[in-house]
1. Would you kindly identify the helices (runs of 4 or more DSSP H) lying entirely within segment 168-258 that contain at least 3 residues that are away from the ligand (no atom under 16 Å from the Cβ), exposed (fewer than 14 other Cβ atoms within 10 Å of the Cβ) and modelled with pLDDT of 75 or more?
2. Residue 159: touching a strand residue (DSSP E or B) at 6+ places or on another chain (Cβ under 8 Å) and more than 15 Å from the ligand (Cβ to nearest atom), yes or no?
3. For segment 20-55, give me each residue that is under 15 Å from residue 4 (Cα atoms), more than 16 Å from the ligand (Cβ to nearest atom) and free of Cβ contacts under 8 Å to residues at least 24 places away in the same chain.
4. Going by what's in this entry, would residue 64 be described as modelled with pLDDT under 90 and under 26 Å from residue 182 (Cα atoms)?
5. Identify all residues within segment 1-18 that are farther than 20 Å from residue 183 by Cα and either under 24 Å from the mean Cα position of the chain (by Cα) or within 11 Å of the ligand (Cβ to nearest atom) (or both); write none if there are none.
6. Please state which of the following conditions residue 123 fails to meet, knowing it meets all the rest: (1) farther than 21 Å from residue 236 by Cβ; (2) part of a helix (DSSP H, G or I).
7. Could you list, in sequence order, all residues of segment 104-144 that are surrounded by 16 or more Cβ atoms within 10 Å (Cβ to Cβ) and more than 30 Å from residue 157 (Cβ to Cβ)?
8. Please work out if residue 154 is assigned to a helix (DSSP H, G or I), within 21 Å of residue 82 (Cβ to Cβ) and in contact with a strand residue (DSSP E or B) (Cβ under 7 Å, 6 or more places away or on another chain).
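The values are calculated or read from the model by the stated rules, or taken from the named source; none is laboratory data. Here the structure is a predicted model, which is why all the values come from computation and not from measurement. In this analysis, Cβ positions are derived from the backbone assuming ideal geometry, glycine residues included, and neighbour counts consider all displayed protein chains.
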Ligand SMILES: [Zn+2]
């Protein structure tokens, strides 16, 4: 295997000695890769060259590499950088963020759309190179619905040979330093590793069971279809619907009256949006009234 994936490099470059054992989210203190590699010394500026020597791997998949990482660790070091832009239906993403943030208190969906989804989209889109040959748009839903086709196309794009076993990611060794709880949880449970306690552990149990029973399954999280209320969907559609549609997602149906009502309410507070937190809450509450 020529490739390995990890989280953002900023998470572990510069780790103190005490933190080294927490670098790997899969194996924790029993990890056979990161602690030894990180103990070798200071890798900043030569991270991928050193990692290539240490692991023998040639392709590194990094989540959300920062500008500092791209400039300091990759560019000019003899690597070819290919961007993979992973997109998902923005409504699923909105629901996921609402669910995630509600652990820490009250959330305002409209605030998430305006202050997180839209700026994030603009930022990520701007980060893609102007040369189309250097970046690839990968749809999360395609990855789940037609995994073989999608993964083999992606493999060709990044210059790897597609292996049909790749879908059973839990059968391989991974040393993830960040990532989705579900993926890490699946790896730990399928490989009989200790893992860790988290609030969604129970909800993944059905998925783990179906992998064990059928040896291959997919988990499509479509909770958002039931969880988002009509006003939240209306707000999303008015503010983000066109962009979401341009990515291939079908828009929700709203009457002209409903759209007009949204914009009227929105414009009432729009100019004060950034400075007046009470108005922000008021407006958000208007969309949240069906919790
Ligand atoms: Zn590990």
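1. 230-246
2. In short, yes.
3. Correct list: 50, 52, 53.
4. Criteria met by residue 64.
5. Selection gives 2, 10, 13, 14, 15.
6. Every listed condition holds for residue 123 apart from (1).
7. Scanning segment 104-144 gives 107, 108, 109, 110, 111, 112, 113, 114.
8. For residue 154, the condition - assigned to a helix (DSSP H, G or I), within 21 Å of residue 82 (Cβ to Cβ) and in contact with a strand residue (DSSP E or B) (Cβ under 7 Å, 6 or more places away or on another chain) - is met.
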